[in-house]
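One structure is given here, and the rest of the page talks about it.
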Amino acid sequence: MIAKKMTGFVENNSAIREMFEEGKRLAKEFGAENVYDFSLGNPNVPAPKAVNDAIKDIIDNEETTFVHGYMSNAGYEDVREDIAASLNRRFEENYSKDNIIMTVGAAGGLNVVFRALLDPGDEVVAFAPYFLEYRAYVSNYDGVLVEVSPNKPEFMPNLKEFEEKLTPRTKCVLINNPNNPTGVVYPESVIKDMISVIEKKSREYGTDIYLISDEPYRELAYEGVKVPYLPHYYANTIVGYSFSKSLSLPGERIGYLTIPGSMKDFETVVSALTIANRILGYVNAPSLMQRAVARAIDSKTDVGYYDRNRRLLRDTLRDIGFEFTEPYGAFYLFVKSPMEDEKQFCSLAKEENIIIVPGSSFACPGYVRLAYCVSYETIESSIPAWKRLMDKIKEGA
Ligand code: PLP
């Protein structure tokens, strides 16, 4: 018999993954070119050549016992130095290897953070809609995810409700900027106001509240939109970064955490995070990938590719009559369901071989998420299907 705590997860297995499997089944039946799969955030842009070149060169020229061996649980020291130097260049910081812990992607990083910070019953506040795995990550350590309701249709954080949701048990505030699933980027003014609320409440309760910034989409911002760097505004910030999207390496499971030296109890927090990386069984982030991303640290994914997709999908859906807030980050479009039940809308879309994910998978029913990290041609060839779908809805399907 499986653990009671697991039964809910087994019964409600990820809808995103389910849609992805459905997309593969439809592709077999109708041919991949006739299926428009917008379900999963799996980048269609190949990893930069520098990454593949680095992997080959490391294998050919570095000592293999070193490359494939164990190292410090926080990661290779030279890799962490290289990442720290890159962050110092970009964000005018003063980091060293001691501020960086290499992780098994952003997901591994968040699990390490919650293992290190949460006592049972501690609360983590997140803004809906959010990446639903957050619920699982928090519950892994018997924490409680506290939700701030979706602030439709702009999806900027509702700071009034946020303030009401902060309690003496609040240990972390978890934000994701640029955002999955909305594509919204929170600007500096919103971040500053959010931090004022955190500071006010932690003073009132006499508690430490950690701001956890989940940033797999940091590099994906369009039209010159700036993504604020949170440690500049609040010392108790842990940034969780990932190379899954920024270098198109989601299957390789590589990312890192940044812990600013000004954080309260810095050394104890870093020790706890490093030990959590070990005792959760990750032991360390994948060794070859650590070395590869360090060498390719200044490489960039083709943001222009995603931007082109973004513009085409945005204009197409707007012309057809769908409603959404224009996304300036990540590679998602969060569209208001033209039918009350968005799951029914997803089923209707599937009849047109369009695979999309219901907003209830992100704690926001009534909307659907489209991942546009697909090929431009997929979006182009999906246009007639979107039109047919809207016609059907207008006819009262
Ligand atoms: N956080 C968000 C908001 C995501 O969208 C994802 C993946 O899609 C993750 C975390 C997990 O990323 P990783 O592949 O780096 O573990």
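The values are calculated or read from the model by the stated rules, or taken from the named source; none is laboratory data. On a predicted model such as this, the values are computed, not experimentally measured, just so you know. Positions of Cβ are backbone-derived with ideal geometry, glycine not excepted, and every protein chain shown enters the neighbour counts.
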Problem set entry | Answer residue from the range 63-75, given it is of a type outside the set (Phe, Trp, Tyr), surrounded by fewer than 23 Cβ atoms within 10 Å (Cβ to Cβ) and not in a helix (DSSP H, G or I) and is farthest from the ligand (Cβ to nearest atom) among those | Glu63
Exercise. Which members of the range 155-202 meet the condition of being of a type in the set (S, T, N, Q) and away from the ligand (no atom under 14 Å from the Cβ)?
Worked result: Asn158, Thr167, Thr170, Ser189, Ser196, Ser202
For this session: Assess whether Asp265 counts as being surrounded by fewer than 17 Cβ atoms within 10 Å (Cβ to Cβ) and either under 27 Å from Leu247 (Cα atoms) or polar (S, T, N, Q) (or both).
Result: no
Exercise. Is one or more of the residues making up the range 213-227 in contact (Cβ under 8 Å) with a residue 24 or more places away in the chain, surrounded by fewer than 22 Cβ atoms within 10 Å (Cβ to Cβ) and more than 26 Å from Leu370 (Cβ to Cβ)?
Worked result: no
Exercise. Pairs under 6 Å by beta carbon, first residue farther than 18 Å from Arg369 by Cα and touching a residue at least 12 places away in the same chain (Cβ under 8 Å) in the range 122-150, partner within 15 Å of the ligand (Cβ to nearest atom) and polar (S, T, N, Q), six or more apart or different chains?
Worked result: Tyr137/Asn111
Exercise. Only one residue in Lys49, Lys24 is modelled with pLDDT under 95 and either among the aromatic types (Phe, Trp, Tyr) or away from the ligand (no atom under 16 Å from the Cβ) (or both), so which one is that?
Worked result: Lys24
Problem set entry | Condition broken by Tyr241, with the remaining ones in (1) buried (at least 24 other Cβ atoms within 10 Å of the Cβ); (2) under 29 Å from Thr170 (Cα atoms); (3) more than 14 Å from the ligand (Cβ to nearest atom) satisfied | (3)
For this session: Determine which single condition Ser39 fails, assuming it passes every other condition in (1) outside any helix (DSSP H, G or I); (2) more than 16 Å from the ligand (Cβ to nearest atom).
Result: (2)
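Per-residue answers, yes or no, for (1) outside any helix (DSSP H, G or I); (2) within 16 Å of the ligand (Cβ to nearest atom); (3) within 30 Å of Pro384 (Cα to Cα); (4) over 21 Å from the mean Cα position of the chain (by Cα):
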| site | (1), (2), (3), (4) |
| --- | --- |
| Pro43 | yes, yes, yes, no |
| Glu81 | no, no, no, yes |
| Arg89 | no, no, no, yes |
| Pro120 | yes, no, no, yes |
For this session: Run down Arg278, Arg310 and say which single residue is outside any loop (DSSP other than H, G, I, E, B), of a type outside the set (A, V, I, L, M, F, W, C), more than 16 Å from the ligand (Cβ to nearest atom) and in contact with a strand residue (DSSP E or B) (Cβ under 9 Å, 6 or more places away or on another chain).
Result: Arg310
Exercise. When only residues in the range 301-317 that are of a type in the set (A, V, I, L, M) and closer than 21 Å to Glu342 by Cβ count, which is surrounded by the fewest Cβ atoms within 10 Å (Cβ to Cβ)?
Worked result: Leu317
Exercise. If you take the residues in the range 140-162 that are in contact with a Lys or Arg (Cβ under 9 Å, 6 or more places away or on another chain) and within 16 Å of Phe362 (Cα to Cα), which one is surrounded by the fewest Cβ atoms within 10 Å (Cβ to Cβ)?
Worked result: Pro153
For this session: Look through Asp78, Asp60, Asp82, Asp98 and report the one residue that is surrounded by 14 or more Cβ atoms within 10 Å (Cβ to Cβ) and more than 19 Å from Arg218 (Cα to Cα).
Result: Asp98
Seminar exercise, completed: Inside the range 361-397, the number of residues satisfying the requirement of being of a type in the set (S, T, N, Q) and out of contact with any strand residue (DSSP E or B) (no Cβ under 9 Å at 6 or more places or on another chain) is 1
Problem set entry | Qualifying position, being surrounded by 22 or more Cβ atoms within 10 Å (Cβ to Cβ), touching a residue at least 24 places away in the same chain (Cβ under 8 Å) and of a type in the set (Val, Ile, Thr), among Ile297, Ile383, Ile320, Ile356 | Ile356
Problem set entry | the range 151-194: number of residues that are part of a loop (DSSP other than H, G, I, E, B) and not aliphatic (A, V, I, L, M) | 19
